[in-house]
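Notes for the one structure printed next.
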Amino acid sequence: MSLAKVVRVYQPNAMSTLQKCVHYASKLWEFVSDEPREANTEGGCIPAIFGTVILVLIMSIFVTPFGVIAAVYMREYAKQGLLTRIIRIAVNNLAGVPAIVYGVFGLGFFVYFIGGGIDQLFFPEALPHPTYGTGGILWSSLTLAILTLPVVIVATEEGLARIPSSIREGSLALGATKLETLWRTVLPMASPAMMTGLILAVARAAGEVAPLMLVGVVKLAPSMPMDGNLPFVHLDRKFMHLGFHIYDVGFQSPNVEAARPLVYATALLLVVVIVLLNLAAIAIRNHLREKYRALEG
């Protein structure tokens, strides 16, 4: 073995208990902060952690406003009749569609249709090499936003339904318009339900792998979607994901048995990332719930 391939030399039998603890801590830090090596079988997984978090954040930015607008329209503005019931049934059925179907839709609609159109309009000099007409974190986020949209719609609509009609009537009686009543009274009181829908969306989206394999995730990304170069966030870039990292190390590794501990560690790390994202959303929801508890009373 050449000296250039040696990463670390240590003698475990000569280590004291304290030295072993320090060594384990350094290996843990390496796992969460270093770049992967040797076809993802060694080193860390910081690009996969970063890609997973950025994917979920961008997805949340897209899915929340569209889900809330759809729920507000169906609950507050649409005439409650046969068509509205059919739409609600369709939304509920969308929540049960297999994730890979959304991936195929994202590949055809977002990547080939919209991305190809953007390349024709704005990047013709780069063709035939696509800029947006190939998989990237933007199309992956939009695909997951459509996948989780039914969850946000249902949760928000349930929150709107729990608000007493007397609050709406009181606001209108004081001279507020319907839009002002919705914006200043109804939506703030329904915000905990919106956050509940977002929590469920994050929990599902962070663990999805099948649709991402079609619309942007890769085994090893040469550069992260966010860096110090303008415009800082590069939505056209491919990215790494912890879920796909688990699949790749566990099933595509040249030595599956040797890579098994890394699979377990990465799976635990993915759970920790999802828990941390959910805890942040839960803290925001609890703050909003306490803020508007007096209005509910």
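Annotations for the structure displayed:
- Within the accessible area of the range 44-139 (1.4 Å probe), percent carbon and sulfur: 76
- ILE114-GLN11 FRET efficiency (beta carbon distance; Förster radius 45 Å; 0.05 resolution): 0.20
- Long-range HN-HN contacts of MET226 with modeled amide H, under 5 Å: HIS234
- Average accessible surface area per residue within the range 177-248, 1.4 Å rolling probe, Å²: 44
- Take every pair of alpha-carbon atoms less than 8 Å apart whose residues are at least six positions apart; their mean separation over the length of the chain yields a relative contact order of 23 percent.
- The modelled label-to-label distance between LEU3 and GLU290, using points 7 Å beyond Cα along the C-beta direction, is 6.0 nm.
- Sorted largest first, extent of the range 97-162 alpha carbons per principal axis (Å): 54, 23, 15
- Over 35 Å [Cα-Cα, the chain], rounded percent: 34
- For the range 130-233: span of alpha carbons on each principal axis (Å, largest first): 60, 30, 21
- Projected-area mean, the range 198-297, by convex hull of Cα positions, square nanometres: 9.3
- The chain, dipole about Cα centre (Lys/Arg Cβ +1, Asp/Glu Cβ -1), debye to the nearest 20: 720
- Heavy-atom accessible surface of the range 176-293: percent carbon and sulfur, 1.4 Å: 68
- Here the 3J(HN,Hα) profile of the range 176-187, calculated from phi with Karplus coefficients 6.51, -1.76 and 1.60 at θ = phi - 60°, is 6, 6, 5, 5, 5, 4, 5, 6, 9, 10, 6, 4 Hz, Gly and Pro shown as x.
The values are calculated or read from the model by the stated rules, or taken from the named source; none is laboratory data. Note that the coordinates shown come from a computational prediction; the quantities given were computed from them, not determined experimentally. Glycine gets a Cβ as well: all are built from the backbone with ideal geometry, and neighbour counts include every protein chain shown. For the accessible areas, the whole protein counts, side chains as well, though only heavy atoms, and no ligand, DNA or RNA atoms are used. Shrake-Rupley method; radii C 1.70, N 1.55, O 1.52, S 1.80 Å.
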